[in-house]
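Since the structure comes first, as structure tokens, the remarks are kept for the end.
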């Protein structure tokens with residue numbers, strides 16, 4: 001490695017800021033990173049307002065406003081390697097669920113009819129306008145590397161930065177969250193879908209075996225499975241596994257319902273229908289990307305219309 | 001010659017692979033509650049076990065790769081970029 005430090009820019013677009021905090025969560029290891037990396041533009045660590053030229057650029061968040069689009073384009077121009085960092089950057093993330101509603105509905109609900117505040121003005125100055133849709137950044141600029149995760153666990157951040165700096169292949173697997181989970185998948189006798197309000201699931205056994213929906217088997221492991229190992233079912237925050245993304249007939253709901261039906265006495269179609277009715281939750285992290293949105297099996301608009309039709313009746 | 005490997009640490013003991021294998025090449029070790037490769041010679045490389053495995057713990061090598069007639073090209077172009 002040469003003595004000259006590798007220059008790094010980071011910026012956040014439309015996101016919660018958690019990915020940047022995950023960078024700082026490298027703890028002492030960040031000192032190791034700083035041995036060979038010079039951090040320039042980084043909203044949580046430095047006060048650099050412009051975008052100096054850099055070798056690596058990390059972008060977190062998706063494109064939702066004009067500011068986001070501008071920042072993404074400038075970062076692409078100034079950085080040699082762009083990493084789409086975190087689920088929002090890769091798949092559009094949680095706010096991708098905004099696709100289910102129009103921009104006007106969202107503005108109206110947040111600023112006019114919010115049940116917890118009393119404001120009645122839609123902001124028109126200082127903030128850039130909300131775009132029509134949430135766009136993952138690879139539809140705006142070319143992305144060189146993707147690191148999904150909400151946020152990616154520092155284990156993976158360190159591994160990917162280290163491999164980039166050393167010029168080697170990263171040692172990562174494409175396992176699902178189940179690969180890191182400690183629960184035993186047994187064949188259970190659950191007859192109906194349950195949730196944590198109904199019962200506290202036994203921590204020795206898989207959520208699916210006990211009739212709880214858990215997306216672990218359909219989700220890429222970029223987290224080291226903290227949720228299922230601490231009593232909370234996986235919500236799929238790192239996005240779908242590679243086989244779901246590449247195979248047209250596989251989908252989050254078909255994968256989970258197939259496995260859950262094999263582990264319980266619940267019919268596969270019942271689970272599938274349940275997941276369609278709760279699609280905004282089950283597909284929350286990945287629905288904005290074309291990789292999921294363009295799937296022939298993904299009919300979110302129809303599912304939502306069905307549910308809302310039933311409510312209105 | 002097909003090689004098949006199940007990573008013990010990732011195996012959750014669900015027996016899906018044992019149940020789905022058309023040639024009974026896999027078996028289940030009751031003592032460790034993990035699936036094991038019993039007779040790899042019987043494996044026909046259909047990859048059913050690899051696809052049903054919830055944790056992606058099963059890897060095959062040396063099998064005949066059948067070209068898929070439909071792929072999500074949009075994603076496949078991006079796949080090698082994933083860290």
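Values quoted throughout were computed directly from the atomic coordinates according to the rules given, and no laboratory measurement underlies them. Everything numeric here is computed off the predicted structure, so don't read it as measured data. In this analysis, Cβ positions are derived from the backbone assuming ideal geometry, glycine residues included, and neighbour counts consider all displayed protein chains.
Can you give me the relative contact order of segment A:196-265 as a percent, contacts being Cα pairs under 8 Å and 6 or more apart?
35
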Subject >> Rounded tilt (10° steps) of A:154-166 against the dominant C-alpha axis of chain A >> reply: 40
Subject >> Highest-MSF residue in chain A out of A:76, A:112, A:64 [GNM, Cα springs under 10 Å] >> reply: A:112
Original post:
Between rounded, prolate and oblate, where does segment A:19-145 land on the alpha carbon gyration tensor, with a ≥ b ≥ c its root eigenvalues, rounded for a/c under 1.5, else prolate if a/b exceeds b/c?
Top reply: prolate
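Among A:132, A:5, A:295, rank each residue by its count of other Cβ atoms within 10 Å, from fewest to most, as a rough exposure measure.
Numbers: A:132 10, A:5 15, A:295 20.
Ordered by Cβ neighbours within 10 Å, fewest first: A:132, A:5, A:295.
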Original post:
Which residue fluctuates the most in chain A, going by a Gaussian network model with Cα springs under 10 Å, if the choices are A:293, A:86, A:167?
Top reply: A:167
Original post:
Taking other Cβ within 10 Å of each residue's Cβ, how do B:65, B:37, A:177 sort, fewest first?
Top reply: B:65, B:37, A:177
Original post:
In chain B, if every C-alpha pair distance is counted and binned at 10 Å from zero, what percent goes to each bin?
Top reply: 17, 43, 28, 11, 1
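So if we plug the beta-carbon distance of residue A:302 and residue B:1 into 1/(1 + (r/R0)^6) with R0 = 35 Å, what FRET efficiency do we get, rounded to 0.05? Walk me through the numbers before you get to the answer.
Working: r = 48 Å, r/R0 = 1.36.
Using R0 = 35 Å, I get an efficiency of 0.15.
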**OP:** Apply the Debye scattering formula to segment A:177-312, with a single equal point scatterer on each alpha-carbon and no solvent, then give log10 I(q)/I(0) at q = 0.11, 0.15, 0.21 Å⁻¹.
**Re:** -0.38, -0.71, -1.33
Subject >> P(r) histogram, all alpha-carbon pairs of chain A included - 20 Å bins from 0, percent >> reply: 30, 55, 16, 0
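What ranking do A:185, A:260 get, fewest neighbouring Cβ atoms within 10 angstrom at the top? It would help to have the intermediate numbers written out before the result.
Values: A:185 26, A:260 29.
Ascending number of Cβ neighbours within 10 Å: A:185, A:260.
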Original post:
Hey, what angle do you get for helix A:66-78 against the long axis of chain A, alpha-carbon based, 0 to 90 degrees rounded to 10?
Top reply: 50
**OP:** Springs between alpha-carbon atoms under 10 Å, Gaussian network over chain A: tell me which of A:115, A:151, A:240 tops the mean-square fluctuations.
**Re:** A:115
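Which shape class, rounded, prolate or oblate, goes with segment A:78-236 when its Cα gyration tensor gives a ≥ b ≥ c as root eigenvalues, a/c under 1.5 marks rounded, and past that a/b bigger than b/c marks prolate?
Values: a/c = 2.83, a/b = 1.16, b/c = 2.44.
Because a/c hits 1.5 or more and a/b fails to exceed b/c, segment A:78-236 counts as oblate.
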Original post:
Over chain A, what relative contact order in percent results from Cα pairs under 8 Å that are six or more residues apart?
Top reply: 18
**OP:** Could you let me know the centre-to-centre spacing of segment A:189-236 and segment A:146-167, using Cα atoms, in angstrom?
**Re:** 26
**OP:** Treat each spin label as a single point 7 Å out from the Cα along the C-beta direction, and report the residue A:119 to residue A:232 distance in nm.
**Re:** 2.7
Original post:
So what's the convex hull volume per residue for the Cα atoms of segment A:81-128, in Å³?
Top reply: 122
